[in-house]
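See below for the structure under consideration.
The values are calculated or read from the model by the stated rules, or taken from the named source; none is laboratory data. Since the structure is predicted, the reported quantities are computational estimates derived from the model, not experimental observations. Here the Cβ positions follow ideal geometry from the backbone for every residue, glycine too, while neighbour counts run over all protein chains shown.
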Amino acid sequence: MDAKSLKGKHFLTCEDWSKEELDVVFERSFELKKQFYKEVPHIYLPHKTLFMIFFEQSTRTRNSMEAGMTQLGGHAHDLTADKMQLSHGESAKDTAIILSRMGHGIASRNCFYGIGADYLAEMAKHSTKPVMSLQDDIYHPFQGLADLMTIFEQFGKNTKGLKVTISWAYADTHSKPLSVPQSQILLLPRYGIDVTVAHPKEFPLSKNITEKAMLNAQQGGGSVKFTNNMDEAFEGAHIVVPKNWGGFGAYGVQEYLDNEEKCKKEMKANLEKYHDWICDDRRIKLADKNVKLMHALPADRNHEVTDEVIDNPNISVVFDEAENRLHTAKSIMSLTM
Ligand code: CP
């Protein structure tokens with residue numbers, strides 16, 4: 001397919017992108033990675049402007065996008081809601097119309113449960129330029145791309161039969177969105193990968209996403225299964241992804257929004273039951289002897305995963321995964337903007 005046909009396309013979820021389109025994205029990502037290492041200029045977006053609006057903190061996403069725009073010859077505005085009239089209630093619609101008249105792309109992170117993805121969809125509806133999700137309450141599509149690129153690097157492009165375990169893990173930082181594991185379970189089975197998701201019963205992923213992931217698996221030749229047993233999920237895995245997420249999936253969106261304080265209290269109490277959900281050396285020994293550790297980062301060290309595992313260069317590919325956020329971000333921006 002012609003890469004030019006992707007110009008103007010929104011990137012809110014990989015679900016809206018065919019495998020043929022994603023092939024173009026990965027081809028461009030690998031080309032950009034080579035050029036980055038060789039310091040060969042790759043000015044795909046000279047003088048173009050991206051507006052980035054962050055409602056939450058970020059290290060990898062913010063810097064991969066901003067550095068990426070500079071390296072592509074353009075510029076990214078690093079905006080937060082408090083710097084904008086959004087904080088006085090200006091609508092997503094008006095913001096999108098105005099910014100899309102002034103620049104060439106809009107990207108936003110809005111992870112509020114029941115709000116984020118709808119906010120981005122509203123921007124996309126009214127923007128005349130591509131809108132990109134930098135993570136919302138449902139999806140983190142840039143993370144999904146970087147994860148798959150890292151898998152291709154480690155295991156080659158033929159991923160059929162690869163066993164990936166995505167396991168909930170304890171963390172005491174904050175209630176993390178569902179969007180990372182949800183993007184992974186939707187995307188990986190499209191590439192023939194067998195995904196096992198492990199989580200305590202109080203920390204399910206959203207039902208509509210797990211159902212869609214199973215459909216994707218049927219079509220892509222992979223599989224998705226669920227267990228409440230972390231040890232069982234690690235057995236024979238080629239890749240393990242120990243990652244905390246909040247208990248949002250146990251509630252319907254409206255139920256959560258109507259009873260936010262009560263739900264948060266319950267989630268916190270449930271969290272405290274599962275300190276032993278950690279990726280440590282014992283559990284790594286249950287996996288395949290050449291197992292790789294992946295994690296979107298930031299990792300809650302010695303809660304989600306021990307230092308011993310995450311710092312083991314024979315196992316951990318988390319920094320390759322983080323670096324690949326740059327190359328995949330540049331690919332999407334260069335193709336769509
Ligand atoms: N993985 C990820 O999205 O990291 P940041 O929150 O630092 O952007």
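Of the residues in the range 108-141, how many are assigned to a loop (DSSP other than H, G, I, E, B) and within 14 Å of the ligand (Cβ to nearest atom)?
If we filter the range 108-141 for residues that are assigned to a loop (DSSP other than H, G, I, E, B), which is where we start, we get 111-115, 127-130, 137-140.
Remaining after also requiring within 14 Å of the ligand (Cβ to nearest atom): 111, 137, 139-140.
Going through the range 108-141 one residue at a time, the tally reaches 4.
For the range 268-278, state whether one or more residues are in contact (Cβ under 8 Å) with a residue 60 or more places away in the chain, farther than 16 Å from ILE166 by Cβ and crowded, with 16+ Cβ neighbours inside 10 Å.
Taking every residue of the range 268-278 in turn, at least one turns out to be in contact (Cβ under 8 Å) with a residue 60 or more places away in the chain, farther than 16 Å from ILE166 by Cβ and crowded, with 16+ Cβ neighbours inside 10 Å.
If you take the residues of the range 81-110 that are in contact with a helix residue (DSSP H, G or I) (Cβ under 9 Å, 6 or more places away or on another chain) and at pLDDT below 95, which of them is nearest to SER58 (Cα to Cα)?
The extreme case among them is ALA81.
Is it the case that the range 40-59 has a residue that's in a helix (DSSP H, G or I), over 18 Å from the mean Cα position of the chain (by Cα) and in contact (Cβ under 8 Å) with a residue 12 or more places away in the chain? Walk me through it before giving the result.
Kept after step one, since they are in a helix (DSSP H, G or I), are these residues of the range 40-59: none.
No: the range 40-59 contains no residue that is in a helix (DSSP H, G or I), over 18 Å from the mean Cα position of the chain (by Cα) and in contact (Cβ under 8 Å) with a residue 12 or more places away in the chain.
Does the range 307-315 contain at least one residue that is within 18 Å of ALA198 (Cβ to Cβ) and out of contact with any helix residue (DSSP H, G or I) (no Cβ under 9 Å at 6 or more places or on another chain)?
no
Which of the residues spanning the range 279-315 are without any contact (Cβ under 8 Å) to a residue 40 or more places away in the chain, within 15 Å of the ligand (Cβ to nearest atom) and either aromatic (Phe, Trp, Tyr) or touching a Leu at 6+ places or on another chain (Cβ under 8 Å) (or both)?
Selection gives ILE310 alone.
Quick one: count up the residues across the range 41-69 that are surrounded by fewer than 16 Cβ atoms within 10 Å (Cβ to Cβ) and farther than 18 Å from ASN324 by Cβ.
5
How many of the residues in the range 20-63 are touching a helix residue (DSSP H, G or I) at 6+ places or on another chain (Cβ under 9 Å), more than 16 Å from the ligand (Cβ to nearest atom) and among the aromatic types (Phe, Trp, Tyr)?
Qualifying residue count, the range 20-63: 5.
Would you please name the residue that is surrounded by the most Cβ atoms within 10 Å (Cβ to Cβ), looking only at residues in the range 279-318 that are part of a helix (DSSP H, G or I) and over 24 Å from the mean Cα position of the chain (by Cα)? Before the answer, list the steps.
Of the residues in the range 279-318, the ones part of a helix (DSSP H, G or I) are 281-284, 307-310, 318.
From the residues that got through so far, the ones that are over 24 Å from the mean Cα position of the chain (by Cα) too are 281-283, 308.
Values: ASP281: 11, ARG282: 11, ARG283: 24, GLU308: 13.
Going through the qualifying residues, I end up with ARG283.
Quick one: would you say GLY192 is out of contact with any Pro (no Cβ under 7 Å at 6 or more places or on another chain), small (Gly, Ala, Ser) and modelled with pLDDT under 95? Break it down stepwise before answering.
On the way: out of contact with any Pro (no Cβ under 7 Å at 6 or more places or on another chain): yes; small (Gly, Ala, Ser): yes; modelled with pLDDT under 95: no.
In short, no.
Residues that are out of contact with any strand residue (DSSP E or B) (no Cβ under 8 Å at 6 or more places or on another chain) and modelled with pLDDT under 95, at least 2 per element: which helices (runs of 4 or more DSSP H) completely within the range 204-262 meet that?
Numbers: elements: 207-220, 230-234, 253-258.
The qualifying helices (runs of 4 or more DSSP H) are 253-258.
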